[in-house]
1. Taking every eigenvalue of the Cα gyration tensor of the range 43-160, multiplying by 5 and rooting it, what semi-axes result, largest first, whole Å?
2. Distance in nm between label sites at residue 376 and residue 179, each 7 Å beyond Cα in the beta-carbon direction?
3. Work out, step by step, the length gained on full extension between residue 23 and residue 418: first 0.36 nm times the residue separation, then minus their alpha carbon distance; give nm to one decimal.
4. So how do 143-151, 239-247, 328-336 stack up, highest first, on mean other-Cβ count within 10 Å?
5. Provide the packing ranking of 397-404, 276-283, i.e. peptides ordered by the mean count of other C-beta atoms within 10 Å per residue, highest first.
6. Pull up all non-local amide H partners of residue 101: gap of 5 or more, or a different chain, and H-to-H distance under 5 Å with H placed in the peptide plane.
7. Provide the packing ranking of 111-123, 375-387, i.e. peptides ordered by the mean count of other C-beta atoms within 10 Å per residue, highest first.
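FYI, it's all coordinate maths here, none of it is from the lab. Keep in mind the model is a prediction, meaning the values are calculated, not measured. Backbone-built Cβ (ideal geometry, glycine too); neighbour counts: all protein chains shown.
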Amino acid sequence: MFEQLQERLRQTFDRLRGRGKLTPEDIRRALREVRIALLDADVHFSVARDFVAQLEPKLMGEDVMASLTPGQTVVKHVHDALRELLGEDVQPLRLRGKAPHVVLLLGLQGAGKTTFAAKLALRMKQEQHWPLLVACDLKRPAAIEQLAVLGERIGVPVQRPETQDPVQAARAGLERARRDGQDVVMIDTAGRQEVDQELMAEIKAIHRALDPAATILVLDAMTGQAALGTAEAFAREVGIDGVVLSKVDGDARGGAALSVRAATGKPILFASTGERPEQLEAFSPERMAQRILGMGDVMGLIERAQAQVAETDQREMEKRLRKGQVTLDDLMAQLQTVRKMGSVREILGMIPGLGRKVKDQDVDEGQIGRSLAILQSMTRQERRDPRLLDASRRRRIAKGSGTSVADVNRMLRQFEEMRRMAKAMKGMRGKLPPMPPLERR
């Protein structure tokens, strides 16, 4: 997401950096380009207009006009304006009232609402909650089955409907939670291809019956400006506490993310980045602004890695790294972690300075899979002692993994590089920061 916007803004800033001093006409020309870039990214025209109008007096100020590095100063102001547009601070999910807390999930059909329900349930479970998923999309049996499958995968119970009345189905879920002691109840409501009165009446009835602790709208980031009409309708008719952007790892131009808070006045709470239950991130305006401007997202990369590694495994790895002792088992664990974090291109794009370089490059997404196949074709003894890997064994491993001896040799060179890095890291201390907990009130 945002690749087109990144490129347009980069070109604008590069032209400014090439000037020793900026004139008012330079600023006005840059603002026009920023406005066009936002519109091309599918940002709503009123949001783009207001953004540029608020930015203009700041860029016309003395700190820009008299700056020795005016291009960098302009980038700073645009960054600050983007962060303000997106919400400035991370907003935790707040659960009002007493348990069991009802979280009502809204959204159109295909927005990713059912997938998000499972992702949020997993996140709640990891935060020591006991969630219950309740299927209330009674017009689509496939949605009920999807929720049941996802619930089984993450180890969270699912309440299937025993009635054709969505309000009664929702109430039954709440009663079960009270009876069984679950403290969070997530209601997966029905969706439609577009907002209609029947859908709104159904959701309003559930809202009145359950008085949810939080009402969350799931928006498909791929739908661009069309998402705004949906967001405004739900906010006006039902009332929402926050928004989730799904499919932000796709080819969306980013307009929904930049427009939805201005349109609804409600914060973006989460960004859903894939199909797997663990691929859910707290939405950070600061980090999103940095990504839009091509500054990378190092903290996001760290949190993704940490989410895939158990704390005990992390401590064991740290001990071995400090001693300079790593094995091919460690390399296999690292590659499995990276594969769970997302595509290689996406991960590289989160590293400052690499996003632009990999944009038009061919990234071999299959390399990790081939390396894992090679490692899994080895015996445990061979992974623990690579000195055993003579030519005969390497041929056997290549045949067993469907690769070539050259691929095996390349992977072993990668391991030697990892081992050299481990030796260089001897004595290093420090841990990755923990994920922030959900806030309750």
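1. 45, 17, 13
2. Distance between the two pseudo-spin positions: 4.2 nm.
3. 137.1 nm
4. The most tightly packed comes first, giving 239-247, 143-151, 328-336.
5. Averaged packing, sorted descending, gives the order 276-283, 397-404.
6. The answer is 184, 185.
7. Peptide ranking by packing, descending: 111-123, 375-387.
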